[in-house]
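Written below as structure tokens is the structure these notes are about.
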Amino acid sequence: MNFAFSEEQEEFRRQTRKWLDQNSTSAQVRKLMETEAGFDRDQWREMAALGWQGMAIPEEFGGAGFGYLELSILFEEMGRTVFPTPFLSTVGLAAPLILALGDERQRQDLLVPIADGEKVIALACTEPGGSWDLEGIATTATRDGGDFVLDGTKSYVIDGAAADLLLVTAQADDGLGVFIVRGDQVRRRSLETMDQTRKLAEVVLDGIRVPASDRLGSGAETTGALAGAIERALVLLAAEQVGGASRCLEMAVEYAKTRHQFGRPIGSFQAIKHKCADMLVEVESARSAAYYAAWAAQEDEAELGTVAPLAKSYCSETYFHCASENIQIHGGIGFTWEHDAHLYFKRAKSSQLLFGDPAHHRAVLADRLGL
């Protein structure tokens, strides 16, 4: 195992950061977060032209055939700018699920449009309780001739209001199923959330008819594939959290060097030094955890089941702590709507709770370690 990225990967990071610095400025983020969709379709297609959506999609389905190490670089850099994009929903959740469960036709029909930037696909898994526990799914899929009829309500669906297609989880007669549903088939509404840079929606399925051919996989394999897709999404979210925490540290240090009180920079005071030093240690530790989890996902290592919840819990707490300390170091200006510190604070809190809070993932980790 090599803990260092290759020169090609580092060049990819540099080019990604350059593009995001130009296309995900504070003004652009604030503009997009006020829209219903929460992202720019033209920008989404431009990203596809750069090869981002197809980064980890096999070449036979229009992708580049890379893996989670390259994806983690993308997510880390996007996290630095709280970039509003349906990347987590489409690339982080939907694509690996389609790869795991889809037949040849379904993979061709769904993965190629993702890689081309023509489709946004969201996973509608959680229900009004907000839990990602697959055993708690109450939405039903009832057979009716050659179709399934879906009934239920999904909530907190990432990018659910803007998605062209939804992958809906529902209980069928042979177990859990994932069904391809067009966005215009369902009733959906955007939810008011603390973090408007990542849109969530409620989706109501009221007798929606879906052909049996639009079911992904069979009941026996669905639960494992869903759990695996969510587990890998944890890895990507951890990388995004590292990017956000790193940027919070940079903002705090920059401000501590330029803000003067009592005739000297506030960064010269011991209390501020300690805060920044603690943030640095946490960020570097979180980066190590996220990179190791990305390597485990890339190599399909058996230990991914333990390092994914570890990375999610630690990176969640690191990001939230760094975002909080960034506001404290900025003082009064950090609490205002005009300052970007609040964008990172809100993203940090929402990401901390997404897929389960740190306590949940520590419990998962302890269970898998037999503690």
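In what sequence do 325, 299, 59 fall when counting other Cβ within 10 Å, fewest first?
Ordered by Cβ neighbours within 10 Å, fewest first: 59, 299, 325.
Using the alpha-carbon centroid of each, what span in Å lies between the range 116-175 and the range 17-39? The range 116-175 and the range 17-39 have Cα centres separated by 28 Å. By the rule of a second cysteine Cβ within less than 4.7 angstrom, the chain holds isolated cysteines at 125, 276, 315.
Set against the 2.2 N^0.38 Å expectation for a compact globular protein, the range 122-217 has a Cα radius of gyration ratio of 1.02.
Tell me, in nm to one decimal, what length is gained between residue 4 and residue 213 on full extension, where the rule is 0.36 nm per residue of separation less the Cα-Cα distance? Going from the current span to full extension adds 70.8 nm.
When the chain is treated as a GNM with alpha-carbon contacts under 10 Å, the residue of 41, 232, 347 showing the greatest mean-square fluctuation is 41. Comparing 82, 178, 149, which has the greatest mean-square fluctuation in the GNM of the chain with Cα pairs linked when under 10 Å apart? Ranking 82, 178, 149 by mean-square fluctuation puts 149 first.
Calculated [222 nm] ellipticity per residue, helices only, for the chain: -17000 deg cm²/dmol; basis is -39500 (n - 2.57) per DSSP H run with n ≥ 4, divided by all residues, nearest 500.
The distance from the alpha carbon centre of the range 182-197 to that of the range 91-111 is 22 Å, rounded to a whole number. Given 25 °C and 0.890 mPa s, how large is the Stokes-Einstein diffusion coefficient of the range 267-371 in µm²/s, with Rh as the Kirkwood radius over Cα pairs? So the translational diffusion coefficient is about 163 µm²/s. Just to verify a number: FRET efficiency for residue 259 and residue 30, C-beta to C-beta distance, R0 = 35 Å, to 0.05? For residue 259 and residue 30, the calculated efficiency is 0.90.
When only Cα pairs below 8 angstrom with a gap of at least 6 residues are kept, the range 174-244 shows a relative contact order of 38 percent. Here is the link list: 31/273; 273/346; 199/273; 273/349; 273/312; 199/275. Which ones come out longer than 30 Å on Cα distance? From 31/273; 273/346; 199/273; 273/349; 273/312; 199/275, over 30 Å: 31/273; 199/273; 199/275. Look at the alpha carbon pairs under 8 Å that are at least 6 residues apart: their mean separation over the length of the chain gives a relative contact order of 16 percent. Can you give the percent of C-alpha pairs in the range 93-150 whose distance is more than 14 Å? The answer is 67 percent, as a whole percent.
With N counted as the residues of the chain, its alpha-carbon radius of gyration over 2.2 N^0.38 Å works out to 1.00. Would you list 371, 50, 150 from fewest to most Cβ contacts within 10 Å? Arranged by neighbour count, lowest to highest, 371, 50, 150 become 371, 50, 150. Ordered by the count of other Cβ atoms within 10 Å of each Cβ, fewest first, 179, 262 give 262, 179. Across q = 0.12, 0.15, 0.17, 0.21 Å⁻¹, the range 1-115 modelled as identical point scatterers on its alpha-carbon atoms has Debye log10 I(q)/I(0) values of -0.45, -0.69, -0.87, -1.20, in the order of the q list.
Distance between the pseudo-spin-label points of residue 336 and residue 189 (7 Å out from Cα toward the beta carbon): 3.5 nm.
The chymotrypsin sites (Phe, Trp or Tyr not before Pro) of the range 1-76 meeting both criteria, a DSSP state outside H, G, I, E and B (loop) and at most 14 other C-beta atoms within 10 angstrom of the site's C-beta, are 3.
Since every read-out is calculated from the coordinates, none of them should be taken as a lab result. Bear in mind the structure is a predicted one, so any value in this text is a computation, not a measurement. A quick note on method: Cβ atoms are made from the backbone with ideal geometry, for glycine too, and the neighbour counts reach across all protein chains shown.
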